[in-house]
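Input: a single structure, listed below in structure tokens.
The values are calculated or read from the model by the stated rules, or taken from the named source; none is laboratory data. Here the structure is a predicted model, which is why all the values come from computation and not from measurement. So basically every Cβ, Gly included, is an ideal-geometry build from the backbone, and we count neighbours across all protein chains shown. In case anyone asks, the SASA skips ligands and DNA or RNA and just uses the protein heavy atoms, side chains included. Shrake-Rupley method; radii C 1.70, N 1.55, O 1.52, S 1.80 Å.
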Amino acid sequence: SGVAAGNYNAYFNCKDTAGNNASGETTAITSEKSQLKAALTLEKENFYPKDNVESRIKVTDVDGKIITDATIEASMAGPTNKGSQYFYYSTLCDCYKAWTWFSESDSLGDYELKIVVKHSDYNNVSLSKTVKLLKPVLNLAMKSDKTEYNPSDSIQLEITATDKEGNSVTDAYLTGDIRDAST
């Protein structure tokens with residue numbers, strides 16, 4: 001521990017109070033860099049245009065000690081090249097974070113996030129994760145407050161919009177018509 005990676009020759013040299021001095025045999029020692037551990041997490045794997053991808057990387061040594069001074073090199077490529085990703089260390093999660101925003105002009109398909117975690121005292125770690133940019137599918141459900149109405153009754157409708165995974169869609173713009181039952 002505390003020795004730079006490389007090859008060394010080591011031996012013992014012993015002295016006593018009477019002035020005797022002896023050296024042991026020389027032994028070759030190789031010191032290697034330790035391995036970093038890195039875990040990449042995303043909040044989901046399927047995204048839609050206008051979504052933000054929050055990437056988190058937890059970096060530790062082999063004993064689980066958090067590494068806060070690593071360098072993260074990352075890029076996201078796919079049908080539309082998203083380019084380099086900027087990761088910073090956050091004490092709130094004890095992890096490195098980055099965001100990638102998908103716009104409506106980005107092409108649909110698979111995007112691969114490639115990451116290399118570097119630290120001068122450790123071996124590099126490579127990570128990757130594929131995310132999908134999908135066309136949103138909107139599901140609508142409608143309930144009325146009654147099943148039968150009289151002339152001049154007001155009608156109350158509850159309309160629920162969800163994506164194909166069942167997540168609420170809150171920014172949908174809805175229009176509709178109320179028509180006579182005979183049309």
Residue tally, condition out of contact with any Ser or Thr (no Cβ under 9 Å at 6 or more places or on another chain) and touching a residue at least 60 places away in the same chain (Cβ under 8 Å), over the range 110-127: 3
Mind telling me which of the residues K146, K135 ends up being outside any strand (DSSP E or B) and either surrounded by 14 or more Cβ atoms within 10 Å (Cβ to Cβ) or touching a Leu at 6+ places or on another chain (Cβ under 7 Å) (or both)? K135
Select from the range 52-79 the residues that are under 17 Å from L42 (Cα atoms) and open to solvent by less than 30 Å² (accessible area, probe 1.4 Å) and list them in ascending order. V53, S55, I57, V59, I72, A74, M76
Selection from the range 46-64 of residues that are over 12 Å from the mean Cα position of the chain (by Cα) and either of a type outside the set (K, R) or under 12 Å from H119 (Cβ atoms) (or both): N46, F47, Y48, P49, D51, V59, T60, D61, V62, D63, G64
Applying the selection to the range 149-177, what residues are surrounded by 11 or more Cβ atoms within 10 Å (Cβ to Cβ), among the small types (G, A, S) and in a strand (DSSP E or B)? A161
Across the range 31-72, the tally of residues that are charged (D, E, K, R) and closer than 30 Å to L133 by Cβ stands at 9
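Please tell me if D16 is of a type outside the set (V, I, T) and surrounded by fewer than 18 Cβ atoms within 10 Å (Cβ to Cβ). Talk me through it step by step, then tell me what you get.
Working: of a type outside the set (V, I, T): yes; surrounded by fewer than 18 Cβ atoms within 10 Å (Cβ to Cβ): yes.
Yes.
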Conditions (1) part of a loop (DSSP other than H, G, I, E, B); (2) under 12 Å from K132 (Cα atoms); (3) under 13 Å from the mean Cα position of the chain (by Cα); number of the one not met by E112: (1)
Subset of the range 87-109 (residues that are assigned to a loop (DSSP other than H, G, I, E, B), open to solvent by 70 Å² or more (accessible area, probe 1.4 Å) and more than 20 Å from T130 (Cβ to Cβ)): T91, L92, E104, S105
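In the range 68-81, how many are more than 19 Å from S126 (Cα to Cα) and either in contact (Cβ under 8 Å) with a residue 12 or more places away in the chain or under 14 Å from the mean Cα position of the chain (by Cα) (or both)?
Going residue by residue through the range 68-81, those that are more than 19 Å from S126 (Cα to Cα) are 79-81.
Narrowing the set further to residues that are either in contact (Cβ under 8 Å) with a residue 12 or more places away in the chain or under 14 Å from the mean Cα position of the chain (by Cα) (or both) leaves 79-80.
Qualifying residue count for the region: 2.
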